[in-house]
Structures are given as C-alpha cells and as structure tokens.
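The values are calculated or read from the model by the stated rules, or taken from the named source; none is laboratory data. As the structure is a computational prediction, the values presented were derived from the model and not from experiment. Methodologically, a virtual Cβ is constructed for each residue, glycine included, from the backbone with ideal geometry; neighbour enumeration extends over all protein chains shown.
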Amino acid sequence: MNFPADIKYSKEHEWIKVEDDIATIGITDFAQSELGDLVYIEVDTVGETLEKDAIFGTAEAVKTTSDLFMPIGGEVLEFNSELDENEGDNPSLINESPYEDGWIIKIKIADAVELDDLMDADAYKELVA
C-alpha cells in the first residue's frame, strides 16, 4: 500500500495535493483497492463551488458505487479527461496510478485553513491499518 508523504488525506479516503491555490484530488490507494476494478467515474460538478465534505462525483466499480467527497471547499476547475467517458474513458488509471495519472479533479481552494483538518500520511496509515 502506498502512502505518499507530500499529500494530505481525508477520512473518506480522498487525497489532496496543493500547489499554490490549486489542489489536485483523487482517491487513495487504499480506497481503490477496497473498491476493486473501477469501470466508471462521474463528475458533473465542474464549474461549481462546493463546500468541504460535499459530494463532487461518484466512482463505480464492478460490484459497488461510492460517492466522492470534497476534502476541502473550492471551485471544481477540471475533471481528469483520461477518466471521462467522453474523452479518454480509462477509469482503471485510478487502480494503476491513484496518486499520479489517476487524479480525479482539480479545484481552486476556497479556504486553505481547511487543510489543517486533514491527515498526514502517518495518521492516514493508522486509520486504515
């Protein structure tokens, strides 16, 4: 199981990597392993400003569907086109590379203070152990 130290983690198993006021969000290695083979990712919130913990999309695996939650509030700027059924249509990128190629959305951060409520790699590792 992979737990990169340069990102933050939510209790809902999303990760967030911040660069200036833009954040990239995806689901953790643990989450993708629990869901199994992902077959569809839906994000219809691009252009919307969402609060922390709001649902920004869904991940559909062979046996289940799971909501995707905002780890912090912000405006959804972009959905990874490689995952989009209208573009690359390759949701298995999340299974193969959850922290790099399998990112899901990019947001403009509304309030960076909310990052303080998220876990570091060690705390997240303890949560899922």
Tell me yes or no: at least one residue of segment 112-121 is among the hydrophobic types (A, V, I, L, M, F, W, C), out of contact with any Leu (no Cβ under 6 Å at 6 or more places or on another chain) and over 17 Å from LYS17 (Cβ atoms). yes
Might you let me know whether segment 96-110 holds any residue that is surrounded by fewer than 18 Cβ atoms within 10 Å (Cβ to Cβ), over 11 Å from the mean Cα position of the chain (by Cα), more than 21 Å from ALA5 (Cα to Cα) and touching a residue at least 60 places away in the same chain (Cβ under 8 Å)? yes
Restricting attention to segment 43-87, the residues that are over 19 Å from LYS8 (Cα atoms) and either in contact with a Leu (Cβ under 9 Å, 6 or more places away or on another chain) or free of Cβ contacts under 8 Å to residues at least 12 places away in the same chain (or both) number exactly 19
Has segment 68-81 got at least one residue that is at pLDDT 95 or above, surrounded by fewer than 19 Cβ atoms within 10 Å (Cβ to Cβ), within 18 Å of ASP37 (Cβ to Cβ) and not hydrophobic (A, V, I, L, M, F, W, C)? no
Which ones in segment 55-67 are among the hydrophobic types (A, V, I, L, M, F, W, C) and surrounded by fewer than 15 Cβ atoms within 10 Å (Cβ to Cβ)? ILE55, VAL62
Here are some residues: THR58, THR49, THR28. Which one is modelled with pLDDT of 95 or more and over 11 Å from the mean Cα position of the chain (by Cα)? THR49
Return yes when ASP6 is surrounded by fewer than 16 Cβ atoms within 10 Å (Cβ to Cβ), part of a strand (DSSP E or B), charged (D, E, K, R) and at pLDDT 95 or above and no when it is not. no
Verdict on ASP21 being modelled with pLDDT of 95 or more, closer than 20 Å to ASP6 by Cα, among the charged types (D, E, K, R) and touching a strand residue (DSSP E or B) at 6+ places or on another chain (Cβ under 9 Å): yes
